[in-house]
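The values are calculated or read from the model by the stated rules, or taken from the named source; none is laboratory data. Small disclaimer: the values here were computed from a predicted structure and weren't measured. Cβ placement follows ideal geometry from the backbone for every residue including glycine, while neighbour counts extend to all protein chains displayed.
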Amino acid sequence: MIKTLNAAIDRLEGAAMVVFMSIATIITAIQVVYRYGFNSSLFWAEEVVIYSIICMSFVGASMGVRYGAHISVDVLNAIVSPRINRWLHLVSAGLGIVFAAFMVLYGFELFINTLGRGQLTAALRLPMAWFYLPIGVSGVLLIIRYLKVIQDAWSHPPRRHADELADEANKLV
């Protein structure tokens, strides 16, 4: 089930990244043309671009877990046995789940509280709560991704980076 869910999330995240990046790029290009070509500007463009980049960051956090692209210190990974390495991955994923759970809890709480207050964005005059929603959603996605990391670490012990590099070097020779 996690594998199917993981594939669905991959497609969803990929589409979301394309949409948010396209919005940010197109609106920024239009804003440049307006500003320098017509000596005018779109009052709402900066806000839309900022919110698009924020949404990309939250979606990117989940993608980073999926592809192992987050910043990490691999000193222990390079020197410990695969058995200990497995436990390092499990503890790391467990801590990630705790962090993501806080994101879910407080992200959705922020969304609900802001929705109740009726706060609007400065330029677009849209409910601000909807721009806080990606915090909680990202937390849910992170939990799913970390569960997949735990499943992978449990079923296939992670290898040391030195062993992986040696295998790659042997393939080249």
Note: among Leu88, Leu12, Leu5, just one is out of contact with any Pro (no Cβ under 6 Å at 6 or more places or on another chain) and closer than 23 Å to Trp130 by Cβ, namely Leu12
If we ask which residues in region 122-131 are under 15 Å from Ser52 (Cβ atoms) and surrounded by 17 or more Cβ atoms within 10 Å (Cβ to Cβ), their number turns out to be 1
Could you check, for region 94-116, whether at least one of its residues is among the hydroxyl-bearing types (Ser, Thr, Tyr), within 29 Å of Arg145 (Cβ to Cβ) and in contact (Cβ under 8 Å) with a residue 12 or more places away in the chain? yes
Positions within region 151-170 being at pLDDT 75 or above and either closer than 17 Å to Ala61 by Cβ or surrounded by fewer than 18 Cβ atoms within 10 Å (Cβ to Cβ) (or both), in sequence order: Gln151, Asp152, Trp154, Ser155, His156
